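Here's the structure, in C-alpha cells; my notes come after.
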Amino acid sequence: MSLTEQGLQIVQRPPTMNVQLWHRPATIERNNFKHKSLSCWSYNIAIGCAHMCRFCYVPDVSTNRMASKLAAVGVTDPDSQWGDYVFPRTWDRQAFLTSLRKAEATPASELNADGNRAVMLCTTTDPYQTLPDKELNTVMGVLVREALELLLAHSTLRVRILTRSPLARRDFDLMKLFSERLMFGMSLPTLNNQLARIYEPNAPAPSQRLATLKAAQAEGIPIFVAVAPVYPECDAADMRATLEAVKALNPHTVFMEPINIRAENVARIEEHANTLGATVNTEVFKSAEKWRDYAVNQLLEFEDIARSLDIGDDVLHLWPDKS
C-alpha cells in the first residue's frame, strides 16, 4: 500500500529548536568532496539545520566531531537531536575576506579537479532556512547576501548554491549578476509532497522547490538539480516523473544518490515514520548486503530512465557510495 493510500494526515511539527548565535564567524573552508563534482570549498553559515531531514548524515561527518562544544550549548547527542538545533555563525566581513583571498590564491594544482574552482553554499546546512527567532533569521540572511556580494566583487571563484527552500528567491537579483559563474541548485528527491514530509519533516514541499527552480530558470540563472537522496519508496514511476519535470528545466547537471547509512540516520527515519503512523521501507538497510542491493539497483534504474529521456551522460552524475 502506498503512503497516499494509507491516508496519512502529516502535519509539520511546531518548532522547538535550540537556536543561538555560534561563537565563530562563517568563512570559506576547503572541503573533502570526492567524485561529487560540486566544489573545492564550502561556506557553511550555521551548525545544524532546521529542515530536520531524517536521513541526513551531516552529524556523522561533521557535528559529532564538535560534541564537546555542542554539549556546552545544550546539545547532548548531535545525531539524535539533528534538526532540533541551529546555531548561525557570526558575520565578520574581514574574516570572510581573508578566507576568500586565500581561496582565490590557491593554485589549481592543489585543488580537486572536479571541483570547478567553486565555493559551495552550503554543505553541512541549508543556506536558506527559517528559524523561530526573528533576529537570527536576519543574521542568516546577512551571512548569505554579504558573502555573495563579496564573492562577486572580490574574486573570480565560481559559486554553487544548494538548498531546499524557496527563500532563495530573495537573492535571485544578486545571483543573476554572476552570469555563468554561479549555478543554483535544489534537492528534489521526489515530487511526492506527502512522502517527502516523512523523510524531510520541516523542509519546504517538493512542489515549492520545483516552482523555485522554474523561477530561477525564468530569471536566466544556470541551474542544477540534486535528485538526492532517492528514498526506497521511490519506484521507477516516481523517478521517471521527477526526471521528466527536471529535464524540462534544462539543468546543467542532474545529480542522483540513494540514501546512505551513516550513524543513526536509519533509526531517525524509523522513529519519525512511527510517530506519523507511516510504514517506510527501512528493511533495505537491515544489512550491508541489502543496502548495497537497494543502492546499486536504484542507481542503475535511475540511469536507465535518464537515458530513455535523452538525459545524456554529460548531464547525469551519479553519486555511488564507495561502500
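The values are calculated or read from the model by the stated rules, or taken from the named source; none is laboratory data. Worth saying up front: this structure is predicted, and the values here are computed from it rather than measured. Counting neighbours? That spans all protein chains shown, and the Cβs are built from the backbone with ideal geometry, glycine included. Ligands, DNA and RNA are excluded from the accessible area calculation, which covers all protein heavy atoms including side chains. Shrake-Rupley method; radii C 1.70, N 1.55, O 1.52, S 1.80 Å.
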Any chance Asp79 is at pLDDT below 95, more than 14 Å from Ser42 (Cβ to Cβ) and out of contact with any Phe, Trp or Tyr (no Cβ under 8 Å at 6 or more places or on another chain): yes
Hits in the stretch 188-205 (condition: free of Cβ contacts under 8 Å to residues at least 60 places away in the same chain and either open to solvent by less than 10 Å² (accessible area, probe 1.4 Å) or of a type in the set (D, E, K, R) (or both)): Leu188, Pro189, Thr190, Ala196
Residue ranges of helices (runs of 4 or more DSSP H) in the stretch 85-184 with at least 1 members more than 23 Å from His252 (Cα to Cα), in contact with a Phe, Trp or Tyr (Cβ under 9 Å, 6 or more places away or on another chain) and open to solvent by 30 Å² or more (accessible area, probe 1.4 Å): 134-154
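Answer yes or no: is there a residue in the stretch 117-134 that is among the hydroxyl-bearing types (Ser, Thr, Tyr) and over 16 Å from the mean Cα position of the chain (by Cα).
Taking every residue of the stretch 117-134 in turn, none turns out to be among the hydroxyl-bearing types (Ser, Thr, Tyr) and over 16 Å from the mean Cα position of the chain (by Cα).
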Candidates Cys49, Cys40, Cys56 - the one that is of a type outside the set (Ser, Thr, Tyr), modelled with pLDDT of 85 or more and open to solvent by less than 10 Å² (accessible area, probe 1.4 Å): Cys40
Members of the stretch 177-211 that are in contact with a strand residue (DSSP E or B) (Cβ under 6 Å, 6 or more places away or on another chain) and among the hydroxyl-bearing types (Ser, Thr, Tyr): Ser187
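Provide a single number: the residues in the stretch 51-84 that are part of a loop (DSSP other than H, G, I, E, B) and either without any contact (Cβ under 8 Å) to a residue 24 or more places away in the chain or not small (Gly, Ala, Ser) (or both).
Count: 17.
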